[in-house]
Amino acid sequence: MKAFEKLPHEKLIVLGPYEQAKTSLTYVDQIKKMKPQNVTLTEGAGSFEELVSYYANCKGFITTCHQEDFGMTVIEAMASGKPVIAPNEGGYKETVLDRKTGILIQDITADKLAKEIKNLSEEMNTHERQALFMENSQKQAQKFDVSVFIGKVLSLLKP
């Protein structure tokens, strides 16, 4: 929220079933109170088609989750050809290719996040750069396809 206070011309849509998480309602209430005008909180994407539409129409995907083991949403965003901004830690270091499929931020803060969002937004103004991010992102996401995973597991089980 603090990063987007610094970026009034950028728009953030937060998807998630956070209203269902009874233990985090205090956190959700705090977020609602501090969110700037350019941030929209939604209950979630709704249907699969709506989720696909969010990915298809966004400029990029941001996650700030610390020590995420894998992060399927990052793979989904890259499969949609979108750049990802994430902390430089956990599973993101294995899935996001820094400066090729997105940006990994060391010791992420609101200021660092705002700076990288601004930089990426400016960088994505050229069709060539958008196409390169799309190509790199989709190629990287294919490495995590279900068929690839199953094939690797089966190869490990062979005597």
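Read-outs: derived from the displayed coordinates by stated rules, not from any lab. Computed from a prediction, not measured in an experiment: that's the story for all the values here. Every residue, glycine as well, gets a Cβ built from its backbone with ideal geometry; the counts of neighbours run over all protein chains shown.
Over segment 1-92, consider all pairs of different Cα atoms and compute the Kirkwood hydrodynamic radius from their mean reciprocal separation; express it in Å, one decimal.
14.3
Among Leu104, Leu41, Val148, whose Cα sits farthest toward the positive end of the charge dipole of the chain (+1 at Cβ of Lys/Arg, -1 at Cβ of Asp/Glu, about the Cα centre)?
Towards the positive end, the residue furthest out is Leu104.
Tell me, what is the percent relative contact order of the chain, built from C-alpha pairs under 8 Å that lie six or more residues apart?
20 percent.
For segment 60-107, which trypsin sites (Lys or Arg not before Pro) pass both filters: DSSP loop (anything but H, G, I, E, B) and at most 16 other C-beta atoms within 10 Å?
Sparse-neighbourhood loop trypsin sites (Lys or Arg not before Pro): Arg99, Lys100.
List the pairs from Lys2/Lys100; Lys59/Lys139; Lys93/Lys143; Lys2/Lys143; Lys115/Lys143; Lys11/Lys115 whose alpha-carbon separation is above 22 Å, in the order I gave them.
Table pairs above 22 Å Cα-Cα are Lys2/Lys100; Lys2/Lys143; Lys115/Lys143.
Could you list which residues have their amide H under 5 Å from that of Ile62, counting only those 5 or more apart in sequence or on another chain, with H placed in the peptide plane?
Residues meeting the criterion, in which the H sits 1.01 Å from N, are Ile85.
Quick one: which residues, 5+ away or cross-chain, put their amide H under 5 Å from the amide H of Gly102? H built at 1.01 Å from N.
Here the answer is Val84, Leu97, since their amide H atoms fall under 5 Å of that of Gly102.
Which chymotrypsin sites (Phe, Trp or Tyr not before Pro) in segment 40-116 sit in a loop by DSSP (not H, G, I, E or B) and have at most 16 other Cβ atoms within 10 Å of their own Cβ?
Within segment 40-116, the qualifying chymotrypsin sites (Phe, Trp or Tyr not before Pro) (loop, at most 16 other Cβ atoms within 10 Å) are Phe70.
Where does the chain land at 222 nm, in deg cm²/dmol rounded to the nearest 500, when only DSSP H runs of n ≥ 4 count, each adding -39500 (n - 2.57), divided by all residues?
Calculated from helices alone, the mean residue ellipticity at 222 nm is -14500 deg cm²/dmol.
Can you tell me the alpha carbon radius of gyration of segment 45-157 divided by the globular rule-of-thumb value 2.2 N^0.38 Å?
The reported ratio for this selection is 1.09.
About the Cα centre of the chain, how large is the charge dipole given +1 on each Lys and Arg Cβ and -1 on each Asp and Glu Cβ? Please answer in debye to the nearest 20.
With only Lys, Arg, Asp and Glu charged at Cβ, the dipole is about 160 debye.
Want the number for Asn88 to His66: 0.36 nm per residue separation, take away the alpha-carbon distance, what's left?
7.0 nm
What is the P(r) of segment 103-146, as percent of Cα-Cα pairs per 10 Å bin from 0?
Calculated P(r), rounded to whole percents: 24, 38, 34, 4.
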